[in-house]
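Taking it in order: structure first as C-alpha cells, then the write-up.
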Amino acid sequence: QVQLVESGGGLVQAGGSLRLSCAASGSIFSINAMAWYRRTPGKQRELVATITSGSSTNYADSVKGRFTISRDNTKNTVYLQMNSLKPEDTDVYYCIAQKGPLTYWGKGTLVTVSS
C-alpha cells in the first residue's frame, strides 16, 4: 500500500502561483511514476503532469510553460509548481502513484483561481 497526502491548495488570484506537494509513505519502493491529475465533478479528468522514477516529465498542453513537476526523493515528495494561474485552472488536484499494475490516489487538494 502507498499513502499519498496532498497539500498546498488554496485561493489565488489569476496570474498568481501555488505549489502543491504530495507526500508518499508506505510501500513506496519501486514506484514507477507519479503524476498530478485534476478533476471537478461534471468535468473530464485531466492528466496535468507526470514524472517517472528517472525524472522524465510530461505535461498537458494546457499547462506547458506554466506548471513544473519535480520530486525530492529524500523527502518522498512530489511537487507541482503552478505559475501564471488562470481561472480555468480551478479544480481539485490529485496526486497519483503508479506501482506496477496498481494506481494509488490521494484525496485531493482544491485550487481556486479568481479572476
task = May I have the convex hull volume per residue, in Å³, for the Cα set of the chain?
result = 97
query = What residues of segment 59-91 lie in the reach of a label at R19, counting those whose backbone N is under 19 Å from a point 7 Å from the Cα along Cα→Cβ?
reply = 65-86
query = Using a 1.4 angstrom probe with every protein chain in place, what is the largest-first accessible-area order of L47, L4?
reply = L47, L4
query = By the scheme Lys and Arg +1, Asp and Glu -1, what is the net charge of all other residues having a beta-carbon under 15 Å from that of S84?
reply = +1
task = About the Cα centre of the chain, how large is the charge dipole given +1 on each Lys and Arg Cβ and -1 on each Asp and Glu Cβ? Please answer in debye to the nearest 20.
result = 80
key: Paramagnetic reach from D72 in segment 10-35 [backbone N under 15 Å; point 7 Å along Cα→Cβ]   = 19-25
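The values are calculated or read from the model by the stated rules, or taken from the named source; none is laboratory data. Because the structure is a prediction, the values reported are computed rather than measured. Backbone-built Cβ (ideal geometry, glycine too); neighbour counts: all protein chains shown. Accessible surface is based on the protein model in full, side chains and every heavy atom, while ligands, DNA and RNA are left aside. Shrake-Rupley method; radii C 1.70, N 1.55, O 1.52, S 1.80 Å.
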